[in-house]
Structures are given as C-alpha cells and as structure tokens.
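A short write-up of the structure that comes next.
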Amino acid sequence: MSQRTLVMKFGGASVATPEHFSRIADLIISRMQEYSRIAVVVSAMANTTDQLIALAKQVNPDPPRREYDMLVTVGERISIALLAMALAGKGKEAVSFTGSQSGIITSGHHTEARIVDVRPHRILPVLDSSKIAIVAGFQGVSRGGEITTLGRGGSDTTAVALGVALDSTRVEFFKDVPGICSEDPKKSASANLFDQLSHQQALDIVNQGAKVLHARCIQLAMKNQLMLHVRSFQTNESTGTMIGQEVRPVGEKPLYEDEQ
C-alpha cells in the first residue's frame, strides 16, 4: 500500500444530517485502499454556526470577540466527534482533534485569524499507527494560547494548511457540486465542468464570485504548490476538478499565511 498522505475535507453540506456521517465514513474507508495515512478536516453541520451566532446575539448584540470564538468553535467539535463515532461503528479507529489540539497556530485576531504555523505533533503518531485523524476546521490557537476562528471559509484553509504540514499528496474537497464549473451548476444546466485548472485560474474564478472554494485556501495551496481536487460528495466517482500539478517540491519549508 502507498505510504502517501491524503487530506480530505468535508464541508457543512456534507455533514448536514446525522445520516451523512455514515456516508462520509464510507468515503474515507474507500480512500484507505490507496492511502495508508488519512487526515480529515470537517466543518460544522449545516446551519450550526449560524444558529450559534444567532444565540450569541440574543444574549448580547455585540458579543466580545474572544467569547464569540469560544462559542462558535463548538460546531466543529460536534462534527469531529460524530465522525469518529461513525468510523468506529464501521470498525475503523479514528481520533478527533480540535484546532488547538491539532497544532493550528494562528495570529491573535479573534474571528478573522490567519494560520501562521502548523505543529501536528499529536496528529503524526495517530497517522503512523494507521488510525484516522479528524481535525476541526475553521479554528486554531494563538501563540498566546487563545482559541481563535478563521472567518468564513476558514475550514478550507485549515485543510490546505494541514496538507502542507503533513506533506500530503493532495487535498480532496467534497462538495455538493461536481467540481468547479463555468457557471453555478445549481442554477444552470448548461454549466461546464472544468477538469483541470491552474491555481491562478481557480483563484480568478473564485474571485469572480464562485463559492466552491475560499480564495485564501487556493492562495495557500499556490504558495506551496499543493494540488487540490474538488469533487462531489454524492458520488464515488473520482471525477471533479484538479487544481495545480501532481508533484510538489521536496524538502522546501512550508509557507503559511501572512500575519495581519
């Protein structure tokens, strides 16, 4: 079996209901036939973050940002624990980690933090023992030890940063669309799927309004020449959109986001 590492990322639509976790577990298990080391990044279940934000604003219309981050990171903790349980139910051992436990080091800017380093000291032994590591997206910890969040789309950036740190072959994003298309496939039946894009081409499409990936994660992947694969959560087929090249430079120091 290949010793290559794979990072898989599942967004809120992929974890919309408890039943979805069984489907995700099956997808992960199917990738274990090709990869012996798999790390999974998960978002909060659909609408959970919005519900938590609404709850905060019922208590305080302008909540302190530190406490806001403490609250909204709960959503991803629910997802990672449920996915680990789903995998255990299928006979696969997995260990869930919050962003801080994963070593996602960020700037100190609450609600809009940037990833400045990744220190996956607790994740590596899990992968080396053939267990699945499940990481909470969207969150990290500042150098001062404060829980932080990365802003909207931050889970995509978590997945790429983790892929860089683990020297992953690629990062696979499982979406509710077939990949990156010329138009929104949910609105236009004539939308064409792009099979292959450069990082810059993908970034240009996203900057023009496509919401398939967050621009930050593409920029981070471009810095490190890490390949991305956007594919459908709803099918086992490995079609979709490949972004970037297959081969990464060896031995180069990882680059993360600039601190703001």
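The values are calculated or read from the model by the stated rules, or taken from the named source; none is laboratory data. On a predicted model such as this, the values are computed, not experimentally measured, just so you know. Backbone-built Cβ (ideal geometry, glycine too); neighbour counts: all protein chains shown. Surface accessibility is based on the protein's heavy atoms, side chains included, excluding ligands, DNA and RNA. Shrake-Rupley method; radii C 1.70, N 1.55, O 1.52, S 1.80 Å.
Annotations for the structure displayed:
- Backbone amide hydrogens, once placed in the peptide plane, bring VAL135 within less than 5 Å of VAL40, VAL41, VAL42, PHE97, excluding anything fewer than 5 places away on its chain.
- A rounded overall shape is assigned to the chain, the ratio a/c of its alpha-carbon gyration tensor axes (a ≥ b ≥ c) being less than 1.5.
- Per residue solvent-accessible surface (Å²) - the stretch 49-131, probe of 1.4 Å: 52
- Annotation note: trypsin sites (Lys or Arg not before Pro) in the stretch 121-207 located in DSSP loop regions with a Cβ neighbour count of at most 10 within 10 Å are LYS186, LYS187.
- For the stretch 10-17, putting each phi into the Karplus relation 6.51 cos²θ - 1.76 cosθ + 1.60 with θ = phi - 60° gives couplings of 10, x, x, 5, 6, 10, 5, 9 Hz, in residue order, rounded to whole numbers and with x for Gly and Pro.
- Farthest toward the positive end of the dipole of the stretch 132-260, out of LEU255, GLY179, GLY140, is the Cα of GLY140, where the dipole comes from beta carbon charges about the Cα centre.
- Accessible carbon and sulfur surface of the chain relative to its total accessible area, %, 1.4 Å: 50
- Percent of C-alpha pairs per 5 Å bin, the stretch 1-88, short to long: 3, 13, 22, 18, 14, 11, 8, 5, 3, 1, 0
- Lys, Arg +1 and Asp, Glu -1 on Cβ, resulting dipole of the chain about Cα centre, debye, nearest 20: 340
- Cα-based reach from LYS186 at 24 Å (exclusive), listing lysines while leaving out same-chain residues under 8 positions away: LYS9, LYS175, LYS211
- With the charge dipole of the stretch 1-51 set up from +1 on Lys and Arg Cβ and -1 on Asp and Glu Cβ about the Cα centre, the Cα lying farthest toward the positive end among the listed residues ALA46, ILE29, SER14 is that of ILE29.
- Mean residue ellipticity (222 nm) of the chain, computed from DSSP H runs ≥ 4 via -39,500 (n - 2.57), nearest 500: -10500 deg cm²/dmol
- Relative packing of 52-59, 86-93, 211-218, 107-114, which averages over residues the other C-beta atoms within 10 Å, highest first: 211-218, 107-114, 86-93, 52-59
- Computed over the chain, relative contact order equals 20 percent, with contacts defined as Cα pairs under 8 Å that lie 6+ residues apart.
- Take every pair of alpha-carbon atoms less than 8 Å apart whose residues are at least six positions apart; their mean separation over the length of the stretch 41-90 yields a relative contact order of 52 percent.
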